[in-house]
Each structure stands twice: as structure tokens, then as C-alpha cells.
Amino acid sequence: AAAGRRTYLADSFSGLPNFALYTPAGSAGGEDASAHRLDMQELSAHRISALNHNSVEAVRASAKWLGLDMDRLRFVPGYFNESLPRLLATEEGQQLRLAVLRLDGDAFASTLEAIELLYPRLSPGGFLIIDDFADWPSCRAAIDLYRKRHAISEPITLVPHRPGEVVRGAYWRKQPQSGQELCISRR
């Protein structure tokens with residue numbers, strides 16, 4: 001992380017929601033999104049132990065072990081449909097400008113609401129990283145829908161998480177609109 005910048009860690013810290021009962025925030029529940037049919041991955045993920053074993057305490061302990069500056073970390077606990085609107089309603093949230101946005105919403109609704117709420121706050125030249133782009137079809141569908149809605153044409157680059165691992169994630173760099181400059185001028 002860049003010197004002086006805050007890092008926001010938005011996560012339920014308690015596992016995935018039951019997406020069959022999940023109500024998305026903002027326009028993520030709009031007409032295009034309501035046509036999304038939950039797939040088997042979305043319907044069962046909240047029952048898979050490996051996907052649901054997390055806590056704020058465990059993440060704090062890992063951050064301390066890594067030597068991260070704890071004063072720069074902001075923990076935003078809760079499902080995105082509640083935690084992100086709550087964060088963005090604060091004075092700090094209203095002024096939020098991001099250099100890097102890493103989404104790990106897994107499913108359609110949580111990915112769509114996170115990108116809808118946070119991508120407009122990503123600075124030109126900033127990077128959007130999508131954790132589950134290649135291995136959760138519903139995540140990819142949410143990203144494709146958002147890109148279509150907003151005529152985003154930056155190329156998507158697929159990346160593996162670790163050497164030898166299958167490609168899962170993807171990223172793109174947000175280009176400036178007319179009259180904007182990149183937050184970092186070097187490519």
C-alpha cells in the first residue's frame with residue numbers, strides 16, 4: 001500500500017450469505033439484475049466450510065504478523081448490502097477515492113453491488129482487480145453487466161493467484177475520461 005493511504009477491508013468476516021435470501025444494495029437489484037438466476041455455486045456456497053471460515057480477529061492477527069500499519073487499516077464488517085452503504089454514508093466514505101479496488105464478492109449480487117458502489121470512486125489510472133472472475137460465472141456475469149451498462153472498454157487481463165494455480169482473477173486499469181488525468185502518469 002502507498003505511504004499514507006488507508007486500506008479498507010470490507011468483508012462479512014463471517015462467511016458468505018445465503019444468496020437465495022440476499023437483498024442487494026442500490027441499483028444492484030435493478031431490472032437487469034433481477035433477471036439473474038442463481039446458479040448452484042451461489043445456492044450452496046454459504047454451506048461450504050472453507051468459504052466461510054473467517055473473522056476480523058484472524059485478519060487483524062495476519063495483518064499484524066505481516067507488519068502492516070494497523071492505523072491505516074479500516075475494517076468494514078458486514079455483508080456488502082449493508083456495510084458499503086453504511087461506509088459511504090459517513091463523511092470519510094463520501095470523500096473516499098480509491099487507487100486500487102479489489103473485489104472478492106464471489107456471486108452476482110455482491111459483486112454487482114460492490115462495483116456499482118465503489119468503481120465510481122476509483123481514480124483514473126487506478127486498478128480494479130476481480131478475485132473470482134474466471135471461476136465464478138455469476139461474478140463474471142456481474143462484471144460483464146456493469147461494463148456494458150457503463151460502456152467500459154478497457155481490456156481485461158486474466159491472472160493466476162499463485163504460480164501453477166489456474167487462472168481465477170482478472171484486472172483492468174481505469175482510463176481517464178475527457179478532461180481527467182491519470183492518478184499515476186507512468187504506465
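Quick rundown of the values:
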| item | result |
| --- | --- |
| Separation in nanometres of the label points that stand 7 Å from Cα toward Cβ, at residue 96 and residue 121 | 0.2 |
| Bridge type composition, the chain - antiparallel percent by DSSP, nearest 5 | 45 |
| Share antiparallel - DSSP beta bridges, region 93-176, percent rounded to 5 | 60 |
| Accessible area of the chain divided out per residue, in Å², using a probe of 1.4 angstrom | 58 |
| Normalised contact order of the chain, rounded percent, pairs of Cα under 8 Å and 6 or more residues apart | 21 |
| Whole-percent carbon and sulfur share, accessible surface of region 1-155, 1.4 Å | 54 |
| Efficiency of FRET between residue 69 and residue 150 - r from beta-carbon atoms, R0 35 angstrom, step 0.05 | 0.55 |
| Computed [θ] at 222 nm, helices only, for the chain once each DSSP H run of length n ≥ 4 contributes -39500 (n - 2.57) | -8000 deg cm²/dmol |
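The values are calculated or read from the model by the stated rules, or taken from the named source; none is laboratory data. Every value quoted in this text rests on a predicted model; they were computed, and no experiment measured them. Every residue, glycine as well, gets a Cβ built from its backbone with ideal geometry; the counts of neighbours run over all protein chains shown. Keep in mind that these areas ignore ligands, DNA and RNA; they rest on the heavy atoms of the full protein, side chains included. Shrake-Rupley method; radii C 1.70, N 1.55, O 1.52, S 1.80 Å.
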